[in-house]
Amino acid sequence: MGKIVDISKWQPKVDYKALATECDLTILRVQDGSTTKDSVYATHANGCDKYKIPFGVYAFTRFISVEDAKVEARDFYNRATAGGHKPKFFVADVEVKTMSDMRAGTNAFIAELRRLGAGKIGIYVAHHLYESFNLDYSKADFVWIPRYAAEGKSIIQPAFPCDLHQYTDRGTIAGINVGVDLNRLTGSKSLKWFTGEEKITQFSKPVAISKAKTVKTSTIKTTNNVHTVKSGDTLSKIALKNNTTIAKLQKLNKIKNPNLIYVGQKIKLN
């Protein structure tokens, strides 16, 4: 598999033909809040389209209210699709506390993108803010988390469930002569899911908890705080759907290898 890279105006010079030889997916910045458009987005999008490099888009959020979040989402969508571009997915990049209820603002941002017709929508959240922001991750279709090793070479697994892990900001890739952010798949979603080659049957939905302590979603069924593993499940997926972490599930169930669970296995949730 090739590399997954996210780029912005900080990588203004790209040889897209060379990039295409090593890159499977790019994620392009569109804006930093509503007032600051990424000056190189159109160039990056045109280059990716020309050399058939699939790309998604992200917006660094600056909203200060629910209504402001809707405005930012509209600007993001309109800028990302200008010129006939068709991003494979849209991401709300939530890294700074700009309003008291970040959950409400992020939910409004995502809901507005869906109303406008965005297909897959993700949340990028700073690792150290994952818990304190208390976002409703079930509103998104995937979660993207950055966590780097201090020396920029080793890979440190995020402490929280995610589908994409941004593991370094000092990566190298053909076609770009400066350091770049590189990412890896860490959840159950394949590269083809992100690029649109794999058919989507249903997006994530909010988890509903009944009085009988039964949690149901389109893909998870949990009763009495125990989940029975079925085909297609991963520990990351189970953790995300049940508002917990991989580390907690590993400790509770004495699982040494988080990538090794089997169909029929009973996973305690708390």
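Some points to look at:
- Residues of the range 52-89 classified as among the acidic types (D, E), crowded, with 19+ Cβ neighbours inside 10 Å and under 15 Å from L116 (Cα atoms), total: 1
- In the range 214-256, the residue that is surrounded by the most Cβ atoms within 10 Å (Cβ to Cβ) out of those that are within 15 Å of Q157 (Cβ to Cβ) and at pLDDT below 75 is L240.
- For the range 1-28, a tally of residues being part of a strand (DSSP E or B), of a type in the set (D, E, K, R) and out of contact with any Leu (no Cβ under 7 Å at 6 or more places or on another chain) returns 1.
- Failed condition for Q31, given (1) open to solvent by less than 60 Å² (accessible area, probe 1.4 Å); (2) part of a loop (DSSP other than H, G, I, E, B): (2)
- Filter result (outside any strand (DSSP E or B) and open to solvent by less than 30 Å² (accessible area, probe 1.4 Å)) within the range 105-128: G105, T106, A108, F109, I110, E112, L113, A118, A126
- Matching residues in the range 34-51 - criterion: being aromatic (F, W, Y) and either closer than 15 Å to T98 by Cβ or surrounded by fewer than 19 Cβ atoms within 10 Å (Cβ to Cβ) (or both): Y51
- Single match in D68, D75, D38 (criterion: out of contact with any Ser or Thr (no Cβ under 6 Å at 6 or more places or on another chain), more than 17 Å from K120 (Cα to Cα) and at pLDDT 95 or above): D68
- Any hit, the range 154-176, residues being in contact with a Leu (Cβ under 9 Å, 6 or more places away or on another chain), among the aromatic types (F, W, Y), farther than 21 Å from L113 by Cα and open to solvent by less than 50 Å² (accessible area, probe 1.4 Å): yes
The values are calculated or read from the model by the stated rules, or taken from the named source; none is laboratory data. Because the structure is predicted, anything quoted here is derived from the model rather than measured. As a convention, Cβ positions derive from the backbone with ideal geometry for all residues, glycine included, and neighbour counts pool all protein chains shown. Ligands, DNA and RNA are stripped out before the accessible areas are found, and what is left, the full protein with its side chains, is counted by its heavy atoms. Shrake-Rupley method; radii C 1.70, N 1.55, O 1.52, S 1.80 Å.
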